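What follows is a short report on a single structure.
The values are calculated or read from the model by the stated rules, or taken from the named source; none is laboratory data. Everything quoted here is computed from the prediction, not taken from an experiment. Quick reminder, even Gly has a Cβ in these numbers, built from the backbone with ideal geometry, and neighbours come from all protein chains shown. Note: accessible area is taken over every heavy atom of the protein model, side chains too, but ligands, DNA and RNA are not part of it. Shrake-Rupley method; radii C 1.70, N 1.55, O 1.52, S 1.80 Å.
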Amino acid sequence: TRRLLAEHAAVQVGYCSEKGKVPLLSLEALHHLHIFIFVLAISHVTFCVLTVIFGSTRIHQWKKWEDSIADEKFDPETALRKRRVTHVHNHAFIKEHFLGIGKDSVILGWTQSFLKQFYDSVTKSDYVTLRLGFIMTHCKGNPKLNFHKYMMRALEDDFKQVVGISWYLWIFVVIFLLLNVNGWHTYFWIAFIPFALLLAVGTKLEHVIAQLAHEVAEKHVAIEGDLVVKPSDEHFWFSKPQIVLYLIHFILFQNAFEIAFFFWIWVTYGFDSCIMGQVRYIVPRLVIGVFIQVLCSYSTLPLYAIVSQMGSSFKKAIFEENVQVGLVGWAQKVKQKRDLKAAASNGDEGSSQAGPGPDSGSGSAPAAGPGAGFAGIQLSRVTRNNAGDTNNEITPDHNN
């Protein structure tokens, strides 16, 4: 394929020379561009994998909180103590996110959210409270849901999308290359885009937790038992939690682009080349890139894993993969039975008016009629829930 492309490029060079013009990219530049695209793809996948590995390591530390919650269910003294009436401001979750001084100040609230992403981004009280809010909203009838296991499956599904390179990311690369004008130091200034976006995403995720705490503190004075928050899409940008995932995708790709471009220039043209730029612009770029990688793995990714569950609907990862496949197959079979039944009734309308014979009752179509209708109703509930309509009647098995 490369040989064919090179031959085609050679033809274009000859065509341009006949017209007294030169091509936009020479053969050498086109060859280097192929290498850079390959290096960029490898770098992006590598950095995404490292982010997931280090982030999952930190999220795995929360498993001990999940296990401790499961053990407390069998302690009658702990259950009795939790039913006592306590003041809202005595809960650790409220103390950490609802300040007594300047509690109505928007600036102070955002400042606290900005600083908290650098230390103890998710505490035990955060995990316990958000877990309970998710269960009470989406699967109230199943308090033994393994929230940690569900959260890890949802994170894996989301990052299957992040590892890929979407079309809008390639558009950004093209714009970046076109803005690479001598004297603009584009490589230096462009590094601050993912840096600023990462801080904004981390601050927003922390602020979502703070908003959940403020809602409870402003509506209640005392609470009997555990503190329960109410997840909602309204806490996210434009009421769409998916925007956070798109921003993380762009941040990781842009960071990989910066690092890949540096090493590609170094290997291809040398460290002292004019394309590399001055050292005073190179060092800050590398420091920012390392900082983004560490902060995204240590803080932003764990925050996203748990805060993204605070939307109005749950994700399909709440079911095991084999259950998801079974539901899809079930829906297809129900649809096929309905289509066959409709075709039979339309094709033999006269006989259907007389009613089915006694022998027809042994067939599968009549038995599938009410069952298919019930199955379709149940499946539509699952689909609406995944699309954003919360339905507390859906209670998956606690083993899943």
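Here are the numbers:
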quantity	calculated
Average accessible surface area per residue within segment 45-311, 1.4 Å rolling probe, Å²	49
Accessible area of segment 45-311 belonging to carbon and sulfur atoms, whole % at 1.4 Å probe	65
Distance histogram in 10 Å bins (all Cα pairs of segment 45-311, percent per bin)	6, 26, 30, 20, 11, 5, 2, 0
Point-charge dipole on Cβ atoms (K/R +1, D/E -1) for segment 208-286, about Cα centre, debye to 20	380
Hydrodynamic radius (Kirkwood) for segment 121-188, which is based on Cα pairs only, to one decimal in Å	16.1
Stretch gain in nm, segment Glu215-Phe263, where the contour uses 0.36 nm per residue and the Cα spacing is subtracted	12.4 nm
Packing-based order for 268-279, 60-71, using average beta carbon neighbours within 10 Å, highest first	60-71, 268-279
Phi to ³J(HN,Hα) by Karplus 6.51 cos²θ - 1.76 cosθ + 1.60 over segment 291-301, Hz, x for Gly, Pro	4, 4, 5, 5, 5, 5, 6, 7, 10, 5, 5
Magnitude of the charge dipole, segment 45-311, Cβ model with Lys/Arg +1 and Asp/Glu -1, debye to 20	280
